[in-house]
1. Has the stretch 255-274 got any residue that is closer than 25 Å to LEU78 by Cβ and buried (at least 20 other Cβ atoms within 10 Å of the Cβ)?
2. Would you mind stating whether ALA98 is farther than 30 Å from GLN420 by Cα, surrounded by fewer than 13 Cβ atoms within 10 Å (Cβ to Cβ), outside the structural domain of ILE429 (by TED's automatic domain parsing) and at pLDDT 95 or above?
3. Inspect all residues belonging to the stretch 290-310 and state whether any of them is closer than 26 Å to ARG231 by Cβ and crowded, with 20+ Cβ neighbours inside 10 Å.
4. Considering only the stretch 151-193, state which residues are of a type in the set (Lys, Arg), assigned to a loop (DSSP other than H, G, I, E, B) and at negative phi.
5. Given (1) out of contact with any Gly (no Cβ under 8 Å at 6 or more places or on another chain); (2) surrounded by 17 or more Cβ atoms within 10 Å (Cβ to Cβ); (3) not acidic (Asp, Glu); (4) not in a loop (DSSP other than H, G, I, E, B), where does PRO224 come up short, assuming only one miss?
6. Which of the following residues is surrounded by 19 or more Cβ atoms within 10 Å (Cβ to Cβ), outside the structural domain of PHE109 (by TED's automatic domain parsing) and closer than 20 Å to LEU49 by Cβ: THR403, THR336?
7. Kindly state which helices (runs of 4 or more DSSP H) lie completely within the stretch 1-81 and contain at least 3 residues that are more than 27 Å from the chain's Cα centre (by Cα), closer than 21 Å to TYR281 by Cα and not acidic (Asp, Glu).
8. Suppose we filter the stretch 407-430 for residues that are in a helix (DSSP H, G or I), surrounded by 15 or more Cβ atoms within 10 Å (Cβ to Cβ) and touching a Lys or Arg at 6+ places or on another chain (Cβ under 9 Å); how many remain?
Amino acid sequence: MPTLSAQEIIRLNREYTFFSWSVQSAVDPIPAVRGEGVYFWDADGKRYLDFSSQLVNLNIGHQHPKVVRAIQEQAAQLCFVQPAVATEPRGRLGELLAQITPGDLKKSFFCLGGAEANENALKIARAYTGRHKVIARYRSYHGATHGAMALTGDYRRWPAEPAIPGVIHVFDPYCYRCHFGWTRDTCHRECITHIEDVIRFEGPQNIAAIFMEGVTGSNGLIVPPDDYWPRMREICDKYGILLVSDEVMSGFGRTGKWFAVDHWGVAPDIITCAKGLTSGYVPLGAVIVSEKIAQYFEDKMFWGGLTYSSHPLACAAAIATLEVYQEDGLIENAATLGQYLGQRLEDIKARHPRVGDVRYIGLFSVIELVRDKGTKEPLAPWGGKSAEVNQIGAFLRENGLFTFINGHLLFITPPLCINQAQLDEGLDIIERALELVE
């Protein structure tokens, strides 16, 4: 039981700490005290169904005993050594990641999160190619540090500008709101061909890498057409550009495969990851590079380093987490339940006038809310709020459903250990919330 009341926990947090991406006087946090599986509880004993895996990272669910035990055992043995020292969990984790990643991805640099992973992938790509420009997409989020924020295409980049030079943004395969005016039936794949045009205008000899989320996450959960990733691989090979898949949110079973790119049989040159790597139990991220990139640094300086790189506590947690995915069949569960979730979402879309589109792959899904299905006007501005969306959010919280809402996008990304009854429980609450604004 907490030693402080719910009100006191909130007061101390608000008075002495900053909350992310918020006007500080407007935050109204839940004072969480414990969790188990797909649920967590606040200090007043209220239970919440976690429908967003916190920040789409708690893939194995709250308080899995195997991972908790691994952290405890590693803490009792060796909490920390500096990264020039070799440890067993570091080596074992590197080997495990080489086994589950596609293609010849082999060697990992361990950091503390997704932003640091993308920062270091950027440095590695520039060092390896000798080129300075990189391409990323507008509806992307790669992290809040300076280089990662430069890669990010969304509105959170603007306050951080001027950012690092050399980043060029391109459009996304956003079929519901095609930037080129096509429909799914008339699609010309200009979301792909215009990227090659940009490469030519910027000079292929200047471009080190293309950074893309495996499946776009917080900016709309955009699932690309089946030929998108394979054709991007072809374009990168054609011009000697590195292909980087940011799997921070879409990796580790979230889409029903180890990594999102596995759905399309593509092996990137670099994968960046974090979140589901430890399911958030301990901070950890990784940059995993191909054998040819790893070999490059055998006789050249690797200009990267962090005090907490390869932290033994985090590596031990990650090993246990990867074992949980396999032992508990969580990736298979995400694939199987993902099909059921897709059917339910399509049914919701057909019956609710405020639902313009639904997108899903595994247990990675979103409801896009609109004022009118014909005009597709969003129910809230991109990155903003509206009375209707606020009403939906308040109803969900009041009824014990915790999920992530970004503007007019309502995410459904529960822990991979969820069952069908629990999934229905959350979807039924969402439907009741939709009825309020209809």
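The values are calculated or read from the model by the stated rules, or taken from the named source; none is laboratory data. Source: prediction; values computed, not measured. Here the Cβ is made from the backbone with ideal geometry for all residues, glycine too, and neighbour counts use every protein chain on show.
1. Scanning the stretch 255-274 turns up at least one residue that is closer than 25 Å to LEU78 by Cβ and buried (at least 20 other Cβ atoms within 10 Å of the Cβ).
2. No; evaluated as a whole, the condition is false for this residue.
3. Within the stretch 290-310 (the criterion being closer than 26 Å to ARG231 by Cβ and crowded, with 20+ Cβ neighbours inside 10 Å), the answer is yes, since at least one residue qualifies.
4. Scanning the stretch 151-193 gives a single hit, ARG184.
5. In the conditions (1) out of contact with any Gly (no Cβ under 8 Å at 6 or more places or on another chain); (2) surrounded by 17 or more Cβ atoms within 10 Å (Cβ to Cβ); (3) not acidic (Asp, Glu); (4) not in a loop (DSSP other than H, G, I, E, B), PRO224 misses (4) alone.
6. THR403
7. 65-77
8. 2
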